[in-house]
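Below: one structure, written as structure tokens.
The values are calculated or read from the model by the stated rules, or taken from the named source; none is laboratory data. Here the structure is a predicted model, which means the values were calculated and not measured. In this analysis, Cβ positions are derived from the backbone assuming ideal geometry, glycine residues included, and neighbour counts consider all displayed protein chains. Ligands, DNA and RNA are stripped out before the accessible areas are found, and what is left, the full protein with its side chains, is counted by its heavy atoms. Shrake-Rupley method; radii C 1.70, N 1.55, O 1.52, S 1.80 Å.
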Amino acid sequence: MEHRVVISQTGTPDVMAFESCELPEPGPGEALIRQRAIGVNMIDTYHRSGLYQVPLPATLGVEAAGVIERLGPQTSELRLSEGQRVAYVKQGPGTYATAALMPADRLVPLPDDISDDVAAAVMLKGLTVEALVRRVHAVKFAEPVLLHAAAGGVGLLALQWLSELGARVIATVGTDEKAELVKQHGAAHVIVYSREDFKTKVRELYPEGVPVVYDSVGKATFEGSLDCLAVRGLLVSYGNASGKPPPLELGTLAAKGSLFVTRPTLYSYTRTRDELLTAATALFRMLREKKLTPHISERFPLREAAAAHRALEARKTTGQLLLIP
């Protein structure tokens, strides 16, 4: 008998239930994964709260690392084997479980020097960062970049990757403790929301604005982020930690300097298996060379997933949270 964390209705973390379940045998193109570590992400809270709607009942979670327990038919061309360590990101929820069925072509083999915990902590976040800084916008050496929520799960990895690229990162954070953390990871300038208006500070540092803003906060920062951009600058909106951004009048982009806005998803940048494996190879190289060091701040037993959500939504965490089956 397996176990999973499921919701039958949307709402607060209290709607999350830990229950027993059975899984069918893997079908054509599928694999059964014995989970070893499961990543906790803001998108999990969006699915749970109803901000992003999913069919109910739903098992939460979108990333994990584990071992292939059984392979279904029509998987031989993927060069996978039973007993092999893998990590993955699901397009929809379903990883908060002791075992999970996955499309085999979305599994990434894990090198021996990448642990289960590290893989579960960085697959979604690390692949997202790879896309953000190399393909959504190819960050250049010495380029100024505004990075919101720089001490968060994605933010801290993005800060490290941007620093490796030589970017001049303006990092925003919520507390002095987080300010110290991002300084240690390469931020050129740090803005604590409670003490400084980030729009004013960015314009003091760069009067003409910055070419790109990475914004995972959403509602609270979206309009201010637009005001930080240089002419023809790009706002990359990739999260809604404070709620959905307000509706955007297209004329605003013209008035503020022919700006660009994008709302990327990881799946759009890893649509094919080749894209997925190429991105994962780049991520593993950064980890192997110690240019990217994930900060796993806390591990929760799977049955305590609700406590992990409360910690994440309180924005008191730094780095990554894991669930351990």
Picking from Gly72, His148, Leu162, whose Cα lies most toward the positive end of the charge dipole for the stretch 47-170 (charges on Cβ: Lys, Arg +1; Asp, Glu -1)? His148
To the nearest whole percent, what portion of all C-alpha pairs in the stretch 220-286 is separated by more than 21 angstrom? 43 percent
Kindly list the residues of the stretch 89-112 that lie in the label zone of Ala307, defined by a backbone N under 20 Å from the point 7 Å along the Cα-to-C-beta vector. 96-98
Computed label-point distance, nm, for sites Asp113 and Leu277 using a 7 Å Cα→Cβ extension: 2.1 nm
Which far-off residues, 5 or more places away or on another chain, put their amide H under 5 Å from the one on Arg168, with H placed in the peptide plane? Ala142, Glu143, Val145
Scalar couplings 3J(HN,Hα) for the stretch 177-185 by Karplus 6.51 cos²θ - 1.76 cosθ + 1.60 (θ = phi - 60°), nearest whole Hz, x for Gly and Pro, are 4, 5, 4, 4, 5, 6, 4, 5, 9
Using alpha carbons only: equivalent-ellipsoid semi-axes of the stretch 173-314, gyration tensor based, whole Å: 28, 22, 18
Cβ charges +1 (Lys, Arg) and -1 (Asp, Glu), total dipole of the stretch 135-290, debye: 360 debye
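Mind putting a number on the dipole of the stretch 213-325 about its Cα centre? Charges go on the C-beta only, +1 for Lys and Arg and -1 for Asp and Glu, and I need it in Debye to the nearest 20. Numbers along the way, then the final one.
On the way: 16 positive and 10 negative charges, 64 e Å.
It works out to roughly 300 debye.
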Please tell me the relative contact order of the stretch 44-168 in percent, rounded to the nearest whole number, where contacts are Cα pairs under 8 Å and at least six residues apart. 21 percent
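Please give the calculated 222 nm ellipticity per residue for the chain, where each DSSP H segment of at least 4 residues contributes -39500 (n - 2.57) and the sum is spread over every residue; nearest 500 deg cm²/dmol? Present the calculation step by step, with values, prior to reporting the outcome.
Working: 10 runs with 94 residues, N = 325.
The helix-only estimate for the chain comes to -8500 deg cm²/dmol at 222 nm.
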When only DSSP loop residues count, what GluC sites (Glu not before Pro) in the stretch 1-50 have their Cβ near at most 15 other Cβ atoms within 10 Å? Glu22
Counting only protein heavy atoms and using a 1.4 Å probe, what share of the accessible area of the chain belongs to carbon plus sulfur, as a whole percent? 50 percent
Per residue convex hull volume, Cα only, the stretch 81-153, in Å³ is 152 Å³
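Out of the DSSP beta bridges found with both residues in the chain, what percent are antiparallel (nearest 5)?
On the way: 32 of 56 bridges.
Taking every DSSP beta bridge with both residues in the chain, the antiparallel ones total about 55 percent.
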PRE reach from Gln84 (point 7 Å along Cα→Cβ): which of the stretch 256-277 fall under 18 Å by backbone N? 272-277
Relative to the first principal axis of the alpha-carbon coordinates of the chain, what is the inclination of helix 153-164, with its axis defined by its Cα atoms, in degrees from 0 to 90 and to the nearest 10? 60 degrees
How large is ³J(HN,Hα), in whole Hz, for each residue of the stretch 281-294 in order, when computed from phi with the Karplus curve 6.51 cos²θ - 1.76 cosθ + 1.60 and θ = phi - 60°, using x for Gly and Pro? 4, 5, 5, 5, 5, 4, 5, 5, 8, 6, 8, 10, 10, x
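Sort 192-202, 170-180, 309-319, 147-157 by the packing proxy (mean of other Cβ within 10 Å over each peptide's residues), most packed first. Can you show the working numbers first?
On the way: 192-202: 15.5, 170-180: 20.1, 309-319: 17.3, 147-157: 27.9.
The packing order, highest mean first, is 147-157, 170-180, 309-319, 192-202.
Have a look at the DSSP beta bridges in the stretch 181-295 and tell me what percent are antiparallel, nearest 5. Intermediate results must be reported in sequence, preceding the final value.
Working: 0 of 8 bridges.
Antiparallel: roughly 0 percent of the beta bridges in the stretch 181-295.
What per residue convex hull volume, in Å³, comes out for the chain when only alpha-carbon positions are used? Could you put the intermediate results ahead of the total?
Details: hull volume 40.9 nm³, N = 325.
So the per-residue Cα hull volume is 126 Å³.
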If the elastic network links every pair of Cα atoms under 10 Å, which of Leu51, Leu124, Leu71 fluctuates the most in the Gaussian network model of the chain? Leu51
With θ set to phi - 60° and the Karplus curve 6.51 cos²θ - 1.76 cosθ + 1.60, what are the ³J(HN,Hα) couplings of the stretch 230-242 in order, to the nearest whole Hz, using x for Gly and Pro? 6, 3, 6, x, 10, 9, 9, 9, 10, x, 9, 4, 9
Please list the radius of gyration and Dmax for the stretch 116-203, considering alpha-carbon atoms only, with Å as the unit. 12.8, 42
Among the trypsin sites (Lys or Arg not before Pro) in the stretch 124-159, which ones are in a DSSP loop with at most 13 other Cβ atoms within 10 Å of the Cβ? Mind listing them? Lys140
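Beta carbons within 10 angstrom, averaged per residue: use that to sort the peptides 215-226, 102-113, 242-253, highest first.
Numbers: 215-226: 21.2, 102-113: 17.4, 242-253: 12.1.
Packing order, densest peptide first, comes out as 215-226, 102-113, 242-253.
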Gyration tensor (Cα) of the stretch 29-119, equivalent ellipsoid semi-axes in angstrom: 24, 15, 10
Given the options Val136, Ala188, Pro325, identify the residue whose Cα lies farthest towards the positive end of the charge dipole of the chain (+1 on Cβ of Lys, Arg; -1 on Cβ of Asp, Glu). Ala188
What is the distance, in nm, between label points placed 7 Å from the Cα along the Cα-to-Cβ direction at Arg135 and at Gln53? 2.9 nm
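All other residues with a Cβ under 10 Å from the Cβ of Lys291 taken together, and with Lys, Arg as +1 and Asp, Glu as -1, what is their net charge?
On the way: positive: Arg285, Arg288, Lys290; negative: Glu164, Glu289.
Its environment carries a net charge of +1.
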Can you give me the three principal axis dimensions of the stretch 257-325 from its C-alpha atoms, in Å, biggest first? 41, 37, 24
In nanometres, the difference between 0.36 nm per residue of separation and the alpha-carbon distance of Glu19 and Glu298 is 98.1 nm
